[in-house]
Every structure is written in structure tokens, then in C-alpha cells.
Amino acid sequence: GVPSVVVPAYGGFHDTTTQTVATINTPTKVNLNTTDFSNGMSLASNRITITRAGLYNVAFSLQVTNSDTVNHDMDIWIRQNGTDVPASASVATILSTHGGQPGYGIVAANFFIQVALNDYIEFWWASNSTQVSLNTLPAITTPFASPAAPGIQVTINQVA
């Protein structure tokens, strides 16, 4: 007979809200409220639970906005089962407002993470300003058509 093919686990998730930190320099869990695709993992309470052990490529992209008149910094990192994943932080300086527009920045990274059965991962962030946000931008039609930009987009692929 033909051997059965096991589809690797994967997931795509994003958030449709604007997120801020309540207190500067304080770790804050990143919200995720939408599942785009999912096989072998699920989203609940802003955590992604993976139901298959293996090695995973975890990638994320943030749409960050700074509404202040000075540049500000932000950090994002991954926690696995409530513990910071070593060497998973990304740090960025988000530009200040200019020409009447907020400062925008994209922060993106990806990491390999070894996962055991039913491990969960979360994303945590902090900023030195409450005026920095993970800002979901709506779709626009003028001055050109462009789809919405989620405040965070996450993709996870099983690689081994």
C-alpha cells in the first residue's frame, strides 16, 4: 500500500486590536485574537499550544507605532511554558512623529524552538513609553488601496 503522509503542524495567527503597555519598562503579554490557519496547534488566552513534539520555526512581525515627539524603544521576546526563551529578544527604536504622522516601524524575526507535547508559547513585550503601540492599521482605499496591517502576525511551522 501507499504510506500515509503526516502533514507537519503549522499555524498562522494575528491580532486585530491596538495594544499598549500600561506601565513603561514592564513585561506585557502580547494579545493574539485570530487564527488564520491551524494544524496541530491552537490559540486560547493569547497563547499558542502545540500538540505535536518537534522542532518549529516561529516567526513574527509587528506593526509598531510611536505617537510621541521623541524616539522610543521597545523589546519583544518569546516565552515557552512561562519561561523566557534564551536569545529570543528583538529590540527596536521606533521613530517619533514627523510631518503630522506617527512614527511607524516593523519588527520581525524568526527562531527555531524545540517543543514537547502540549508546550505553549507566548509573546511578551515592553517599551520605555506608553505612547508606543502594536497598532493594527485598517485597510485603506486612498491615496491607494492597501489591506489592513495587523499589530502582530505569527507563523509557526514544524520543521522536524
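The values are calculated or read from the model by the stated rules, or taken from the named source; none is laboratory data. Given the structure is predicted, the values throughout are model-derived calculations rather than measurements. Using ideal geometry, Cβ is built from the backbone for each residue, glycine included, and neighbour counts are taken over all protein chains shown. Areas reflect the complete protein model, heavy atoms only, side chains present, ligands, DNA and RNA absent. Shrake-Rupley method; radii C 1.70, N 1.55, O 1.52, S 1.80 Å.
Among the criteria (1) on the phi > 0 side of the Ramachandran plot; (2) open to solvent by less than 60 Å² (accessible area, probe 1.4 Å), the one T34 does not fulfil is (1). Of the candidates S45, S67, S90, S4, the single residue that is free of Cβ contacts under 8 Å to residues at least 60 places away in the same chain, surrounded by 14 or more Cβ atoms within 10 Å (Cβ to Cβ) and not aliphatic (A, V, I, L, M) is S90.
Taking the criterion of being in contact with a strand residue (DSSP E or B) (Cβ under 8 Å, 6 or more places away or on another chain), assigned to a strand (DSSP E or B) and among the polar types (S, T, N, Q), the residues of the range 47-86 that qualify are T49, N57, S61, Q63, T65, N66, Q80. Scanning the range 95-129 for residues that are outside any strand (DSSP E or B) and either touching a residue at least 24 places away in the same chain (Cβ under 8 Å) or surrounded by 15 or more Cβ atoms within 10 Å (Cβ to Cβ) (or both) yields L95, S96, T97, P102, A116, L117, N118, N128, S129.
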